[in-house]
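Some notes on the structure that comes next.
Every number in this text was worked out from the coordinates using simple rules, so none of it is lab data. All figures in this text were calculated on a predicted structure; none of them were measured in a lab. Quick reminder, even Gly has a Cβ in these numbers, built from the backbone with ideal geometry, and neighbours come from all protein chains shown.
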Amino acid sequence: MEARAIQRTVRQSARKMRLVIDLIRGRGVAEADAILRFSKKRAARQIHKVLKSAVANAQQAAQRQNAPFDADQLRVKYAVVNEGATLKRFTAAAMGRATPIKKRTSHIEIHVASDAAPVPAPKTTPAAATNAQPKTKAKAKPKTKAAGKKKTQKKTKKRAKKASK
């Protein structure tokens with residue numbers, strides 16, 4: 001079972017949020033939940049909300065499909081923070097000038113998937129394997145640095161001869 005959750009335009013820079021999201025990527029949901037709950041970073045609260053939402057989405061998907069659901073089997077498969085729209089504001093500065101302020105936002109996306117999800121192996125038949133012919137690649141001219149150096153050396157020799165005449 002796989003589910004995802006996205007939160008857009010969180011009022012914190014993506015750079016600060018990536019520090020927290022790197023801590024939970026690839027971990028189990030219970031472990032990620034504990035890390036986020038006890039983290040001192042402000043970004044952890046927003047990321048925790050998205051993680052809880054992704055787990056709830058997985059539970060809803062399992063109910064729709066009449067599949068058994070165990071939150072302890074879930075892992076954070078994909079977790080990323082992207083930059084959102086930047087709010088541009090101005091503040092007063094000395095001598096009647098204005099200086100810009102960039103209020104950055106970010107988008108959080110988390111995918112959770114169960115560990116027990118079997119991956120189907122590609123099926124090949126013996127007949128298909130015997131009929132397969134090896135692909136031949138067209139031979140390209142090898143471009144080496146040595147060949148390029150020789151050309152430039154010849155050109156410089158010719159120029160030197162012309163200059164001496």
Could you please tell me which pairs satisfy a Cβ distance under 7 Å, a separation of 6+ or placement on different chains, a first residue in the range 47-65 that is closer than 12 Å to VAL29 by Cα, and a second residue that is part of a helix (DSSP H, G or I) and among the basic types (Lys, Arg)?
HIS48/ARG37
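Residue-wise test of (1) in contact with a Ser or Thr (Cβ under 7 Å, 6 or more places away or on another chain); (2) under 14 Å from ASP115 (Cα atoms); (3) surrounded by fewer than 16 Cβ atoms within 10 Å (Cβ to Cβ); (4) not aliphatic (A, V, I, L, M).
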position: ARG4; (1), (2), (3), (4): no, no, no, yes
position: ARG15; (1), (2), (3), (4): no, no, yes, yes
position: VAL20; (1), (2), (3), (4): yes, no, no, no
position: VAL29; (1), (2), (3), (4): no, yes, no, no
position: ARG45; (1), (2), (3), (4): no, no, yes, yes
position: TYR78; (1), (2), (3), (4): no, yes, yes, yes
Test each condition in (1) part of a strand (DSSP E or B); (2) of a type in the set (Val, Ile, Thr); (3) surrounded by 13 or more Cβ atoms within 10 Å (Cβ to Cβ) for ILE101 and report the one that comes out false.
(3)
